[in-house]
1. Scan segment 150-163 and give yes if some residue there is under 22 Å from Leu299 (Cβ atoms), assigned to a strand (DSSP E or B) and either without any contact (Cβ under 8 Å) to a residue 12 or more places away in the chain or of a type in the set (Ser, Thr, Tyr) (or both), otherwise no.
2. For segment 93-119, how many residues meet the condition of being surrounded by fewer than 22 Cβ atoms within 10 Å (Cβ to Cβ) and either assigned by TED's automatic domain parsing to the domain that holds Leu571 or touching a residue at least 12 places away in the same chain (Cβ under 8 Å) (or both)?
3. From the list Asp578, Asp606, Asp610, which one is more than 28 Å from Ser652 (Cα to Cα), modelled with pLDDT of 95 or more, in contact with a Ser or Thr (Cβ under 7 Å, 6 or more places away or on another chain) and not assigned by TED's automatic domain parsing to the domain that holds Tyr431?
4. Keeping to segment 164-196, report how many residues are hydroxyl-bearing (Ser, Thr, Tyr), out of contact with any Phe, Trp or Tyr (no Cβ under 7 Å at 6 or more places or on another chain) and outside any helix (DSSP H, G or I).
5. Can you say whether Asp179 is assigned by TED's automatic domain parsing to the domain that holds Ala109 and either modelled with pLDDT under 95 or closer than 17 Å to His141 by Cβ (or both), as far as the supplied structure shows?
6. Exactly one condition in (1) within 23 Å of Asp128 (Cα to Cα); (2) not acidic (Asp, Glu); (3) not in a helix (DSSP H, G or I) is false for Phe57; which is it?
7. For segment 120-127, state whether one or more residues are in contact (Cβ under 8 Å) with a residue 12 or more places away in the chain, touching a strand residue (DSSP E or B) at 6+ places or on another chain (Cβ under 8 Å), assigned to a loop (DSSP other than H, G, I, E, B) and under 23 Å from Ala235 (Cα atoms).
8. If the requirement is being of a type in the set (Lys, Arg), crowded, with 20+ Cβ neighbours inside 10 Å and either modelled with pLDDT of 95 or more or not in a loop (DSSP other than H, G, I, E, B) (or both), which of these qualifies: Arg599, Arg529, Arg564?
Amino acid sequence: MLYSSLFLLAVQSGLTVKGAKASSSPSHEKRALDTSAIATKYFGNDAPWYKDRIAYFECSDSQITDVYYYRWKIFRAHQRDLGAKGYISTEFLDDVSWQLEPWASLNDATGFHVAEGRWNRDRRFKDDYLTHMLTGGDDRHFTDYIQDSVWGSYLVDNDVPSATKYLDQMKTLYNQWVDHFDSSKGLYWVEPLLDATEYTISSIDASGGKDGFTGGDAFRPSVNSYMYANARALAKLAGLVGQTSVTTDYNSRAAAIKSNVQKSLWNSTLSHFIDRYKVSNDYVKYWEPIRGRELVGILPWTFDLPDNSSEYASSWKHLLNPNELAGAKGLRTVEPSYQYYMKQYRYDAASGRRECQWNGPAWPFQITQALLGMSNLLDHYSQNVVTNSDYIKLLKQYTQIHYNGASLNLQEDYDPDNGGAIVGLARSPHYFHSGYIDLIMTGLVGIRPRADDFLEINPLITSDIKYFRAEEVPYHGTNIVVQWDADGSRYNQGAGLRVERDGVVIATSPTLKRLVIPFQKKAIIGITRPIAKSIQLQTTTTYPYGNASSGTNIDNVHDAIDGRVWFFPELANGWNSDVNSATTQWYTVTFESATQISRAEIAFFDNGNDFKAPTAYSVQVLSNGKWVDVAGQKKDAVVANGITNVQFTATSIAQVRLAITQPAGKRTRLVEVKYF
């Protein structure tokens with residue numbers, strides 16, 4: 001009530017509240033963006049999935065806008081439905097050998113998955129995902145910052161129960177990392193491979209330059225920044241539920257890590273945070289510093305670890321120097337002066353293509369972290385090394401990385417000097433181990449999420465960005481709009497910065513400046529969780545299982561009920577009928593026992609060539625040993641590359657069949673069929 005009263009006083013008196021000119025009268029105006037048309041433009045027949053979920057955005061740079069919506073396609077494609085366990089985000093679209101079975105989850109990308117998902121108005125996806133990770137899904141295969149991610153999610157949605165329900169599990173997970181803690185140094189160490197960054201300076205040099213895939217245990221800026229951020233997050237989360245002793249404990253741990261990182265990992269000669277060796281062998285010695293700068297040395301700013309000092313801020317000049325970390329096509333992970341810069345050690349045995357390394361290549365993974373760190377530096381540090389122009393330049397460079405010619409297809413890593421994807425293996429298309437939506441929202445648009453009853457806006461833009469508008473953005477139980485129109489000609493609502501809440505203008509500024517606006521939270525709406533009953537997690541899962549009229553290879557059949565939905569042509573997904581198969585096809589799901597269902601969601605792929613959407617379909621059940629149409633069907637027309645919905649009279653059955661009529665001479669790809 002205090003904050004709402006403050007805002008009312010500001011409105012009545014026309015006062016400016018920390019840069020924000022409070023609107024003297026509520027203004028209900030038509031939305032400036034045609035969100036339905038935008039969804040159709042970018043997502044085609046799959047638009048219904050996005051329409052009421054995503055935050056919308058446009059800006060004067062069309063490539064930034066296009067990549068923003070492409071990144072929502074990546075997010076959608078990587079939502080794997082686990083049935084009763086809900087949804088998770090995957091790192092790779094399809095299976096890889098090192099994933100956690102049977103879920104296909106990997107914990108190293110959790111921070112990006114949650115940060116992107118927090119801007120989805122349907123909180124189910126990130127909430128289910130965190131539940132999975134905090135109840136066994138986070139196996140510490142890699143380092144991560146999941147506790148910090150939970151706190152970051154809370155700052156956007158203000159969902160206290162979701163943020164705190166697994167507090168005990170988060171504390172346990174944190175404390176398990178004691179097996180990577182050196183008490184004599186007060187720092188955490190990790191093998192670079194388990195930091196998801198193989199072939200770093202420490203691992204290559206620890207092998208005498210012979211390899212570097214494994215080995216090279218080191219006290220790294222990354223793992224220590226993660227543990228610092230996780231400790232701070234646990235302290236704050238504990239504070240939400242009144243656990244003051246826990247807050248004190250984890251604040252103390254965070255302070256100790258911060259002190260030791262600054263004391264021991266800052267290298268005054270290199271003006272950068274760098275690794276020190278944990279390992280001793282013929283080539284390297286315990287506690288010796290590595291011999292060069294890496295992009296990982298910027299990560300402390302991603303989590304606001306360093307003190308606000310000019311000495312530490314000087315590290316950022318290396319990201320701007322083309323002879324150091326500033327590659328022409330992307331930020332380098334190691335500088336060209338390193339003896340083994342871009343030396344290729346590892347190749348894929350099957351294809352002969354180059355494999356992943358961190359001795360120079362540009363990785364969207366770490367570029368995202370660097371841009372997040374730079375936005376923090378620009379937002380609340382005092383420094384004169386980088387500017388908004390540097391931020392926008394690097395954001396545009398990162399945007400370009402997403403393009404493969406004229407098409408959008410983000411891969412794993414890139415040549416920082418010449419451009420182009422390096423790895424490009426079958427697993428690589430539309431890779432989800434980085435962020436972009438979160439960069440746009442917190443950086444370019446400048447929404448700086450807070451725990452209190454204020455909305456803070458500080459766009460990190462230059463005159464290059466003539467306008468932007470972010471619309472239907474979830475924040476503290478409401479939808480907000482943030483708009484910049486340099487001369488007022490784009491939206492015809494006046495020049496400058498404008499903020500709306502649920503359609504009401506709450507602040508404006510004729511110039512670009514930080515706005516801090518009183519913002520009373522609204523109650524959180526509950527999450528709806530329909531459960532798909534037809535998901536088969538692996539081919540070895542006994543029930544449910546599928547069989548089909550043709551294309552009966554076990555993996556082919558499984559793909560239609562594996563909980564994955566995407567329509568990217570680069571990577572096949574779903575059950576494919578055989579070449580030259582009959583026009584009448586079917587796909588049957590068998591449950592372990594009689595199961596009640598009343599509707600289905602069906603996804604068909606159509607490439608306009610050999611794969612065509614069916615001309616007709618029907619859901620069928622067994623009656624007296626014969627397949628008949630289920631009663632009460634209300635069927636959508638067939639949708640290609642989107643979801644076809646059908647409802648029917650609730651029935652309890654052990655088997656259900658999807659009967660399909662495919663065009664003559666064409667094949668069917670059933671991406672997924674889900675029964676509810």
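1. No, that holds for no residue.
2. Residues flagged as surrounded by fewer than 22 Cβ atoms within 10 Å (Cβ to Cβ) and either assigned by TED's automatic domain parsing to the domain that holds Leu571 or touching a residue at least 12 places away in the same chain (Cβ under 8 Å) (or both) within segment 93-119 amount to 9.
3. Numbers: Asp606 fails: in contact with a Ser or Thr (Cβ under 7 Å, 6 or more places away or on another chain); Asp610 fails: in contact with a Ser or Thr (Cβ under 7 Å, 6 or more places away or on another chain).
Of Asp578, Asp606, Asp610, the one residue that is more than 28 Å from Ser652 (Cα to Cα), modelled with pLDDT of 95 or more, in contact with a Ser or Thr (Cβ under 7 Å, 6 or more places away or on another chain) and not assigned by TED's automatic domain parsing to the domain that holds Tyr431 is Asp578.
4. So the answer is 3.
5. Numbers: assigned by TED's automatic domain parsing to the domain that holds Ala109: yes; either modelled with pLDDT under 95 or closer than 17 Å to His141 by Cβ (or both): yes.
So Asp179 fits the description; yes.
6. Every listed condition holds for Phe57 apart from (1).
7. no
8. Arg564
The values are calculated or read from the model by the stated rules, or taken from the named source; none is laboratory data. Treat the numbers as computed from the prediction; the structure is a model and nothing was measured. Neighbour counts are summed over all protein chains in view; Cβ atoms, including those assigned to glycine, are modelled from backbone coordinates with ideal geometry.
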